[in-house]
Amino acid sequence: MIKCVIFDMDGTLGNTLPICIGGIRLAVQKATGKLLDDKAVIKYFGASEEGIIGKLMPEHKQEGIDLYLKFYRKQHEILAPRPFDGIVPLLEMLKKEGIACVIVSGKGEKSLDISLDVMGIDKYFCMKRHGDEQATGKEVFIAEVLEKLNLKKSEVVYVGDAVSDVLASRRAGIAVIAAAWAESADIDALKNAAPDFLAKTVFEAQEWIKRQNAPALK
């Protein structure tokens with residue numbers, strides 16, 4: 001029986017990945033004059049935005065972080081003011097059924113807080129674990145969640161949009177739903193990673209969770 005659903009943030013709860021990449025590129029350009037493509041940013045994913053900016057321009061790190069966070073909030077309010085369709089109904093269902101909702105994200109703490117505030121979904125999560133500059137694996141954070149909430153591995157499922165999410169969940173010993181509803185999702189790569197379930201819509205993910213808990217969930 002599923003007692004806790006752990007969510008990724010970017011590309012899973014909201015369409016924030018393009019804003020992250022664009023914000024880091026803009027921060028680097030304004031602080032150093034360097035023009036980067038998306039790949040130059042993405043290769044550092046795993047670390048928080050602070051960690052990525054620190055690697056890209058160590059001599060301008062704080063300036064870059066300040067520029068990034070300012071851009072991130074402004075563009076978030078314009079481009080992703082709400083979570084993906086179906087996320088709020090899913091969170092409401094989980095809340096109604098007493099299933100804990102947690103976030104384990106590689107994002108930095110400040111940008112994660114911005115996303116939850118802009119999209120108005122912070123109230124649904126009983127625990128949040130943000131990323132760090134060292135690119136600590138999500139399996140470490142998942143283990144912390146299990147310990148703090150006194151959960152068995154069989155009672156938890158992770159929902160994330162990246163192959164790395166599937167692999168981290170496997171290392172943590174928990175089930176994983178591959179979230180393939182964002183335009184940025186690589187469906188073929190996610191299939192090859194062999195998640196427990198690949199959901200092309202949030203509704204499909206919700207129905208999978210219901211089936212695991214049937215007949216407990218109505």
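Worth a mention:
- Label assignment, Rg and Dmax of the Cα atoms in Å derived from the structure, set [x] 18.5, 54; [y] 17.1, 59; [z] 29.8, 105: [y]
- Extension reserve of the Gln62-Glu92 stretch, reckoned as 0.36 nm per residue once the Cα distance is removed: 7.0 nm
- Residues listed by number, the stretch 119-142, amide nitrogen under 17 Å from Tyr44 label point at 7 Å toward C-beta: 131-136
- Shape of the stretch 105-217, Cα gyration tensor, a/c cut at 1.5: rounded
- Spin-label pair Glu147/Ala214, simplified geometry with 7 Å Cα→Cβ offset, distance in nm: 3.7
- Amide H contacts under 5 Å for Leu198, placed H, 5+ residues apart: Ala178
- For the stretch 29-45, 3J(HN,Hα) computed residue by residue from phi via the Karplus equation (6.51, -1.76, 1.60; θ = phi - 60°) reads 5, 5, 7, 10, x, 7, 9, 10, 9, 4, 4, 5, 8, 4, 5, 9, 4 Hz, glycine and proline entered as x.
- Two-site label geometry, Glu109 and Lys191: point separation in nm, points 7 Å out along Cα→Cβ: 4.2
- Listed peptides 165-174, 118-127 by packing density, highest first (mean Cβ within 10 Å): 165-174, 118-127
- A simple rule links phi to the HN-Hα coupling: the Karplus curve 6.51 cos²θ - 1.76 cosθ + 1.60 with θ = phi - 60°, which for the stretch 159-164 gives 10, x, 9, 10, 4, 4 Hz, with x for Gly and Pro.
- Excluding ligands, DNA and RNA, the accessible surface per residue across the chain is 48 Å² with a 1.4 Å probe.
- Of Lys96/Lys210; Lys74/Lys200; Lys43/Lys128; Lys96/Lys123; Lys107/Lys128, pairs whose Cα-Cα distance is over 18 Å: Lys74/Lys200; Lys43/Lys128
- Note on Lys70 and Glu207: the extension gain reaches 45.6 nm, defined as 0.36 nm multiplied by sequence separation minus the Cα-Cα distance.
- Sequence ranges 7-15, 86-94, ranked by mean other-Cβ count within 10 angstrom, highest first: 7-15, 86-94
The values are calculated or read from the model by the stated rules, or taken from the named source; none is laboratory data. Not measured: the values here are computed from a predicted model. Note: ideal-geometry Cβ built from the backbone for every residue, glycine included; neighbour counts use all protein chains shown. Just the protein is used for accessible areas: all its heavy atoms, side chains included, with ligands, DNA and RNA removed. Shrake-Rupley method; radii C 1.70, N 1.55, O 1.52, S 1.80 Å.
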